[in-house]
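A.B. asks: Quick one: the structure is below, questions incoming.
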Amino acid sequence: MKVSVFGLGYVGSVSAASFAADGHHVVGVDVNPDKVASLNEGRSPIVEKGLDELIRDNAAAGRLRATTDAREAVHATDLSLICVGTPSRRNGSLDLTYLERVAEEIGEALATKDDYHVVVVRSTVLPGTTHEVVIPAVERTSGKKYGTGFGVTVNPEFLREGTAIHDFRNPPLTLVGHNYRSDAEPTQALYAKVGAPVVATSIRTAEMIKYTSNTWHALKVAFANEIGNLCKRLEIDSHDVMEIFCRDQKLNLSSYYLKPGFAFGGSCLPKDVRALQYRAKEVDLDMPVIQSILGSNQLQIRHAIDAVIETGRKRIGLLGFSFKAGTDDLRESPIVILAEALLGKGYQLCIYDRNVSIARLVGANKEYINKQIPHLSSLLCETVDDVLERSDVIVVGNNAPEFADALARTRPDQIVIDLVRVRKDRGEIPAQYRGICW
Ligand SMILES: NC(=O)c1ccc[n+]([C@@H]2O[C@H](COP(=O)([O-])OP(=O)(O)OC[C@H]3O[C@@H](n4cnc5c(N)ncnc54)[C@H](O)[C@@H]3O)[C@@H](O)[C@H]2O)c1
């Protein structure tokens, strides 16, 4: 393919040289004439292992050159990658000056180009930026319409400086955000020789995934360091701890516990986070990330309470009472906290949870129910349909399989507040459907 790469910094130089190595014809563009000259002389404009050789070989083979002339580069290629910086302003907001300028330059060039051209946003941009900044800038200066005159995709970069060429060759996945198949195909074709799965999604989702990934990476570092600091105070080798911790790929390093939904609860997580926090306090250690976990969890319960209040209805049915399906354990169940808050505000509640009903009857958790939550025990219903019949708002609080089916039996005048994404599809739910964080 014929590709222009705007911005010859860490991302642009590595991408340009690697695409050329895969046989594409690449034109690098930068406003800095020194970087352009350096690339044309076969030298890397940045320090990165292996990049000098890659640029030298591909420049010599005639597949890689650079220019400061945006118009010439756009006219000579079918696709333009935007790899310019999106730095932080002092207040933390993104400085989009370079991004918008490049989009304008590409648009100005497209004004005099007849062929369809795809603009690929590879810089890291917040959700909405491509639609609100890039597309309008190209439309304004090209006089063309997005979707007919030119295409746009979002293709975030996941490389790490220092191992950038290796990371380019071996990415976890190639992410292509797009609105039209005709734009996704040429973007994906760029990566034909990179052996990673291609994941296609919407533009806004692709933008958000990049931030989700980087924030997660930052959180991992902060978490490991806080555990490390506590281990040191307790004279335990933190590397032994984290190495063994990482061997658990079922619960620790996996998609488990990474599904947005309701607060955690039960007899272990809140108690253990609290105890670890207390131990840190005893040894005079601050763990700001870990110390903020329980507060964040309480806020999620608050969001659920607010979602119920916002409906303006008073008759509330709760499907699920224990903190997860398949248990009758009500200790620190966030649904119990939700129910208590609503009861305190004068709402009428009816609650169904198969396991809690059985426990109440056979005595497994009877003592807890009778002693700790007698005020809620009397609100338990015998069947799901009792709850459906007697409520204007139905809150799904855990993932019991019967709740997914029950939603098909709701009425159009009812509101469903789903705290757990009990169903993937929303078809066949007659009630108005609201997810807690989707
Ligand atoms: N550095 C990384 O490891 C990395 C990894 C993944 C994603 N990203 C993201 O990729 C983007 C680029 O990061 P970077 O570190 O490569 O930036 P960088 O600052 O190293 O390079 C940006 C380049 O863009 C050039 N430029 C500015 N305006 C231009 C214009 N109008 N036309 C042509 N070139 C222009 C600059 O001269 C500079 O050479 C950022 O959004 C960043 O967040 C960076």
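The values are calculated or read from the model by the stated rules, or taken from the named source; none is laboratory data. Predicted, not measured: the structure shown is a model, and the values here were computed from it. Glycine gets a Cβ as well: all are built from the backbone with ideal geometry, and neighbour counts include every protein chain shown.
A.B. asks: Assuming Leu338 fulfils every condition listed in (1) without any contact (Cβ under 8 Å) to a residue 12 or more places away in the chain; (2) under 30 Å from Glu226 (Cβ atoms) apart from one, which condition is it?
C.D. replies: For Leu338, the exception is condition (1).
A.B. asks: Restricting to the stretch 119-141, what's the tally of residues that are buried (at least 24 other Cβ atoms within 10 Å of the Cβ) and in contact with a Gly (Cβ under 6 Å, 6 or more places away or on another chain)?
C.D. replies: Selection size over the stretch 119-141: 1.
A.B. asks: Can you tell which of Phe264, Phe321, Phe245 is outside the structural domain of Phe403 (by TED's automatic domain parsing) and in a loop (DSSP other than H, G, I, E, B)?
C.D. replies: Of Phe264, Phe321, Phe245, the one residue that is outside the structural domain of Phe403 (by TED's automatic domain parsing) and in a loop (DSSP other than H, G, I, E, B) is Phe264.
A.B. asks: Can you pull out the residues in the stretch 2-13 that are within 31 Å of the chain's Cα centre (by Cα) and more than 8 Å from the ligand (Cβ to nearest atom)?
C.D. replies: Listed by number, the residues that qualify are Val3, Ser4, Val5.
A.B. asks: Okay, next question. So in the stretch 66-97, with the set limited to residues that are closer than 26 Å to Asp114 by Cβ and either of a type in the set (S, T, N, Q) or at pLDDT below 95 (or both), which one is nearest to the ligand (Cβ to nearest atom)?
C.D. replies: Thr68
A.B. asks: (1) surrounded by fewer than 16 Cβ atoms within 10 Å (Cβ to Cβ); (2) touching a helix residue (DSSP H, G or I) at 6+ places or on another chain (Cβ under 8 Å); (3) of a type in the set (Lys, Arg); (4) over 22 Å from Asp405 (Cα atoms): which one isn't true of Lys314, the others all being true?
C.D. replies: (2)
A.B. asks: Can you tell me which condition His217 does not meet? The list is (1) within 30 Å of Leu54 (Cα to Cα); (2) out of contact with any Phe, Trp or Tyr (no Cβ under 6 Å at 6 or more places or on another chain); (3) modelled with pLDDT of 95 or more; (4) assigned by TED's automatic domain parsing to the domain that holds Cys83, and all the others hold.
C.D. replies: Failing condition for His217: (4).
A.B. asks: For the stretch 103-155, which residues satisfy the criterion of being more than 17 Å from Glu72 (Cβ to Cβ) and charged (D, E, K, R)?
C.D. replies: Arg122, Glu132, Glu139, Arg140, Lys144, Lys145
A.B. asks: Which of the helices (runs of 4 or more DSSP H) found entirely inside the stretch 107-192 contain at least 1 residues meeting this: within 15 Å of the ligand (Cβ to nearest atom)? Reasoning before the result, please.
C.D. replies: Working: elements: 135-142, 164-169, 181-189.
So the answer is 135-142, 164-169.
A.B. asks: Is it the case that the stretch 376-391 has a residue that's of a type outside the set (Lys, Arg), surrounded by 15 or more Cβ atoms within 10 Å (Cβ to Cβ), under 17 Å from Ile436 (Cα atoms) and in contact with a helix residue (DSSP H, G or I) (Cβ under 9 Å, 6 or more places away or on another chain)?
C.D. replies: no
A.B. asks: Moving on. If you take the residues of the stretch 72-88 that are assigned to a loop (DSSP other than H, G, I, E, B) and either within 23 Å of the chain's Cα centre (by Cα) or not assigned by TED's automatic domain parsing to the domain that holds Gln188 (or both), which of them is surrounded by the fewest Cβ atoms within 10 Å (Cβ to Cβ)?
C.D. replies: Residues of the stretch 72-88 that are assigned to a loop (DSSP other than H, G, I, E, B), as a first pass: 76-78, 83-87.
Filter again for either within 23 Å of the chain's Cα centre (by Cα) or not assigned by TED's automatic domain parsing to the domain that holds Gln188 (or both), leaving 83-87.
Details: Cys83: 26, Val84: 24, Gly85: 15, Thr86: 17, Pro87: 10.
If we take residues in the stretch 72-88 being assigned to a loop (DSSP other than H, G, I, E, B) and either within 23 Å of the chain's Cα centre (by Cα) or not assigned by TED's automatic domain parsing to the domain that holds Gln188 (or both), then Pro87 is surrounded by the fewest Cβ atoms within 10 Å (Cβ to Cβ).
A.B. asks: Let me ask you something else. Against the definition (touching a Gly at 6+ places or on another chain (Cβ under 9 Å), of a type outside the set (S, T, N, Q) and closer than 23 Å to Ile373 by Cβ), how does Arg274 come out, yes or no?
C.D. replies: Spelling it out, it is not the case that Arg274 is touching a Gly at 6+ places or on another chain (Cβ under 9 Å), of a type outside the set (S, T, N, Q) and closer than 23 Å to Ile373 by Cβ.
A.B. asks: Kindly indicate which of Glu402, Glu382 is within 37 Å of the chain's Cα centre (by Cα) and either free of Cβ contacts under 8 Å to residues at least 60 places away in the same chain or at negative phi (or both).
C.D. replies: Glu402
A.B. asks: Something else: Hey, among Ala37, Ala21, Ala59, which residue is small (Gly, Ala, Ser) and surrounded by fewer than 16 Cβ atoms within 10 Å (Cβ to Cβ)?
C.D. replies: Ala37
A.B. asks: Moving on. Condition (residue is touching a residue at least 60 places away in the same chain (Cβ under 8 Å), of a type outside the set (A, V, I, L, M, F, W, C) and more than 13 Å from Phe19 (Cβ to Cβ)) applied to the stretch 56-69: is it met by at least one residue?
C.D. replies: Going residue by residue through the stretch 56-69, those that are touching a residue at least 60 places away in the same chain (Cβ under 8 Å) are none.
No, that holds for no residue.
A.B. asks: Taking the residues in the stretch 415-432 that are in a loop (DSSP other than H, G, I, E, B) and among the β-branched types (Val, Ile, Thr) as candidates, determine which candidate is nearest to Ala263 (Cα to Cα).
C.D. replies: Only one residue fits best here, namely Val420.
A.B. asks: If you check Ala59 against the conditions, is it assigned by TED's automatic domain parsing to the domain that holds Ile106, among the aliphatic types (A, V, I, L, M) and within 25 Å of Val118 (Cα to Cα)?
C.D. replies: In short, yes.
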